[in-house]
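This report refers to the structure that appears directly beneath it.
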Amino acid sequence: MKAVVYYRMSSDQQTDSIERQMSEVEPIIQREQDDVNKVYIDRGKSGSKHREKRKGFLRMMQDIKNGIETKKLYLWDLARFTRENPFKAAEFYALLMDKGIVIHDCKLGIIDLKTQQGRMIVNLIQEQNHSYSTTISSNTTSGRRHLLAQGWWVAGAVPFGFVRRYVGPSGEEIIRPRMDTAYKKPRGWHLALSEHEQEAEIVRTIFKQW
């Protein structure tokens, strides 16, 4: 049977890496003796927001809409496909159903959207996945607000006029250039901003002239 495969992970820190997904999905494809027509991959992309950034996913859905030869979509798990609100995700499932494409979830097996059972399974899991994503997002935002209130820099590029000041649990400090994004903050440390004397003076001059 002709098939396509989709892999997605949200960040490089997760245990559900693309490599791990491949190691578990590919043996199933071999066992089923399916012929993979195309593989689509999204690295470091959320499944619940910023749909436009999921280039691999959007390319796959467009190919399916255009009639790519496939009767099966392989996923490591259904959460890889999308974590969007079920009502928003419905258009993608409807397209799969209209094209007669079944989902082969690595953990659940085959899900046929043309059957009532298949649609019920997808609807239930989709709601659970969306709820999980919403909870994680809320907890992350709350945590960042707490750190911000303590004076730490929590997200975004460091602005011109500052340097990175990493502070350890015992008060030790490491100063790094603002553009040094390769430096990895040690566990238990926090990031604060300190003025870069020369750059800060430039900012003050520009502000006064303006």
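The values are calculated or read from the model by the stated rules, or taken from the named source; none is laboratory data. Keep in mind that this is a model prediction, so the values were computed, not measured. We place every Cβ from the backbone using ideal geometry, glycine too, and count neighbours over all the protein chains shown. What goes into the accessible areas is simple: the full protein's heavy atoms, side chains included, and nothing from ligands, DNA or RNA. Shrake-Rupley method; radii C 1.70, N 1.55, O 1.52, S 1.80 Å.
Results, tabulated for the structure shown:
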read-out	value
In the range 166-207, the residues that are among the hydrophobic types (A, V, I, L, M, F, W, C) and in a helix (DSSP H, G or I)	200, 202, 203, 206, 207
Some residue of the range 37-46 being within 17 Å of residue 125 (Cα to Cα), open to solvent by 30 Å² or more (accessible area, probe 1.4 Å) and in contact with a helix residue (DSSP H, G or I) (Cβ under 7 Å, 6 or more places away or on another chain)	no
Residue that is nearest to residue 118 (Cα to Cα), among those in the range 48-60 that are out of contact with any strand residue (DSSP E or B) (no Cβ under 6 Å at 6 or more places or on another chain), assigned to a loop (DSSP other than H, G, I, E, B) and not hydroxyl-bearing (Ser, Thr, Tyr)	49
Any strands (runs of 3 or more DSSP E) falling wholly within the range 61-154 and containing at least 3 residues that are modelled with pLDDT of 90 or more and open to solvent by less than 90 Å² (accessible area, probe 1.4 Å)	72-75, 102-105
